[in-house]
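Below is one structure, written out as structure tokens; comments come after it.
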Amino acid sequence: LILFPIFLLVVLLVTRNNVKIYSTNMRSLWIIVFAIFMIVMSIIHSKIVNPTVDYFINIDEANLYNSFLELSRLNYSDIITESFTSFEYLDNSIIYCMNAMIIKIMAELGIADGLFSIKTINVFIGSLVPVFIYKCLTIFNAINTQSKRDLILFACLTPLLSNAIQNTRDVHVCLIFTLMMYLSLKQRSIKNYVGMGILVLVGFFVRAESAL
């Protein structure tokens, strides 16, 4: 519940558009995709008995969680330092740092299941992908009555769903690439080029091989 006001604020900012019907469609698209992803994630998560060894599809889920737990035992400044200087974490520094902090913050708030919070954020990140694809379509005036339905099907019938409901890094990379595509399609400007450069840098610290 702590995260949802932040999610809503981000969505309101992202879906702003001079054409009111576009804003309405993007917001309803996000609500539907986010709800579907959350339901599926919650069902799968309820089957995970011990997240240090159990996983849904990819064993990386358990391995990453163990690393997050280890880092979360440090104080906040040490989490940042260790994530961005230790060779073990350098290829995914942002992911290790962010998720270790989430687990630590949730523990301090008395919330034992920090992994559920991490997966909820992943769901949110995944649910933004079809929204930004919709924004790409608006650039070309390619929106029609089927666009929202098609994007919902895309979200549910592609690996986006399975990646968004897991404790992995793939959904973050997917959103970064989608954002870069959106910026590349917009009118050329220094601001957009700088934005793309920042996304490449962020992508490098999310998953180095993907940014390369």
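The values are calculated or read from the model by the stated rules, or taken from the named source; none is laboratory data. Computed from a prediction, not measured in an experiment: that's the story for all the values here. We place every Cβ from the backbone using ideal geometry, glycine too, and count neighbours over all the protein chains shown. The accessibility values were calculated without ligands, DNA or RNA, using every heavy atom of the protein model including side chains. Shrake-Rupley method; radii C 1.70, N 1.55, O 1.52, S 1.80 Å.
Scanning for something among the basic types (Lys, Arg), touching a residue at least 12 places away in the same chain (Cβ under 8 Å) and either more than 30 Å from TYR182 (Cα to Cα) or in contact with a strand residue (DSSP E or B) (Cβ under 7 Å, 6 or more places away or on another chain) (or both), does the stretch 11-33 turn up at least one residue? Walk me through it before giving the result.
Quick first cut of the stretch 11-33, residues among the basic types (Lys, Arg) only: 16, 20, 27.
This time we only want the ones that are touching a residue at least 12 places away in the same chain (Cβ under 8 Å), so: 27.
Next, from what is left, pick out any that are either more than 30 Å from TYR182 (Cα to Cα) or in contact with a strand residue (DSSP E or B) (Cβ under 7 Å, 6 or more places away or on another chain) (or both): none.
No.
If you take the residues in the stretch 56-77 that are touching a helix residue (DSSP H, G or I) at 6+ places or on another chain (Cβ under 7 Å) and surrounded by fewer than 14 Cβ atoms within 10 Å (Cβ to Cβ), which one is nearest to ILE105 (Cα to Cα)?
Looking at the filtered set, the residue picked out is TYR76.
What are the residues in the stretch 178-212 that are of a type in the set (Gly, Ala, Ser), at pLDDT 90 or above and open to solvent by less than 60 Å² (accessible area, probe 1.4 Å), if any? Within the stretch 178-212, SER189, GLY195, GLY197, GLY203 qualify.
Per this entry, ASP150 is counted among residues that are more than 23 Å from ILE48 (Cα to Cα) and open to solvent by 30 Å² or more (accessible area, probe 1.4 Å). Among the residues of the stretch 172-199, those that are among the β-branched types (Val, Ile, Thr) and touching a helix residue (DSSP H, G or I) at 6+ places or on another chain (Cβ under 6 Å) comprise VAL173, ILE176, THR178. Quick one: in the stretch 99-140, of everything that is open to solvent by 60 Å² or more (accessible area, probe 1.4 Å), aliphatic (A, V, I, L, M) and without any contact (Cβ under 8 Å) to a residue 12 or more places away in the chain, which residue is farthest from VAL49 (Cα to Cα)? Going through the qualifying residues, I end up with ILE105.
Of the residues SER127, SER162, SER117, the single one that is outside any loop (DSSP other than H, G, I, E, B) and at pLDDT 95 or above is SER127.
Let's see how each residue does on (1) closer than 28 Å to LYS47 by Cα; (2) among the aliphatic types (A, V, I, L, M); (3) in contact with a Leu (Cβ under 9 Å, 6 or more places away or on another chain):
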position	(1), (2), (3)
VAL131	no, yes, yes
ALA155	yes, yes, yes
LEU161	yes, yes, no
ALA164	yes, yes, no
VAL173	yes, yes, no
MET181	no, yes, no
LEU185	no, yes, no
GLY195	no, no, yes
GLU209	no, no, no
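When the stretch 78-91 is filtered for residues that are in contact with a helix residue (DSSP H, G or I) (Cβ under 7 Å, 6 or more places away or on another chain) and either over 11 Å from PHE68 (Cβ atoms) or open to solvent by 70 Å² or more (accessible area, probe 1.4 Å) (or both), the ones remaining, listed by number, are ILE80, GLU82, PHE84, ASP91.
Just checking, how many residues over the stretch 33-47 are within 14 Å of ILE125 (Cα to Cα), among the β-branched types (Val, Ile, Thr) and open to solvent by 30 Å² or more (accessible area, probe 1.4 Å)? Lay out the reasoning, then the answer.
Of all residues in the stretch 33-47, those within 14 Å of ILE125 (Cα to Cα) come to 33-38, 41.
From what's left, among the β-branched types (Val, Ile, Thr): 33, 36.
Cutting the leftovers down to open to solvent by 30 Å² or more (accessible area, probe 1.4 Å) gives us 36.
Total satisfying the criteria: 1.
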